[in-house]
Amino acid sequence: VVALILIALSAFGFSAQALIVKFLTRSDPVPPMEIVFFRGCFQFLGCCGLLGLYPPMCRAPSRWFGDSWREMKWLGLRGLVGFGGIAFSFQAVSLLGIAEVQVVQTSTPVLAAIYARVLLGEPWLRLEQ
C-alpha cells in the first residue's frame, strides 16, 4: 500500500512539474535550461538533507558518491541520463502541449520493461508476454 501511495505522489509531482514548466515557458518565457538548473539545485539540497538526516537513507558524506569506482561510474551515468531526460522533457513541454508530451512519456513503462528483460534478465509475468 505504501508503494502505491508513493507512486501516486510521484505521478502527481511529475504532472505538476510539467504544468509549472509550461506556465514558465509560456508568457515572458523562462528558458527551459534555466528551469532545469533550478530544479537541479533544489533536488541537490533535498538529496543532501535526506542523505544526512533521514535515518533510512543516512550515509556518511564520504559515501554519498558511492563505495567503489564502479558504483561511482554507474551513479554518474545515471545522473547524466537523468539530466538528459529532464532537459529534453522540459524543452518538449515548452514547444508542445502538455497533453502531447505526457502521452509520449507514457511509453516509459514499456521501455523500462523491455530494458529490464534484455539488459537485466528480469522475467516477464504471463500477463506481460
Report summary line: Scanning the range 87-113 residue by residue, those at pLDDT 90 or above, of a type in the set (A, V, I, L, M) and open to solvent by 60 Å² or more (accessible area, probe 1.4 Å) turn out to be LEU95, LEU96
**Report entry** Answer from PRO29, PRO56 - the residue that is more than 18 Å from the chain's Cα centre (by Cα), at pLDDT 90 or above and exposed (fewer than 12 other Cβ atoms within 10 Å of the Cβ)
**Finding:** PRO29
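Restricted to the range 18-48, and to residues that are assigned to a helix (DSSP H, G or I) and of a type in the set (Gly, Ala, Ser), which residue is nearest to GLY79 (Cα to Cα)?
Once the filter is applied, the top-ranked residue is GLY40.
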Requested in this report: Could you identify the single residue in GLY84, GLY76 that is farther than 22 Å from ALA11 by Cα, of a type outside the set (A, V, I, L, M, F, W, C) and open to solvent by less than 50 Å² (accessible area, probe 1.4 Å)?
Outcome: GLY76
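The values are calculated or read from the model by the stated rules, or taken from the named source; none is laboratory data. Just so you know, these numbers come straight off a predicted model, no measurement behind them. When we count neighbours, we look across all protein chains shown, and the Cβ atoms used for this are built from the backbone with ideal geometry, even at glycine. These accessible areas exclude ligands, DNA and RNA; they are computed on the full protein's heavy atoms, side chains included. Shrake-Rupley method; radii C 1.70, N 1.55, O 1.52, S 1.80 Å.
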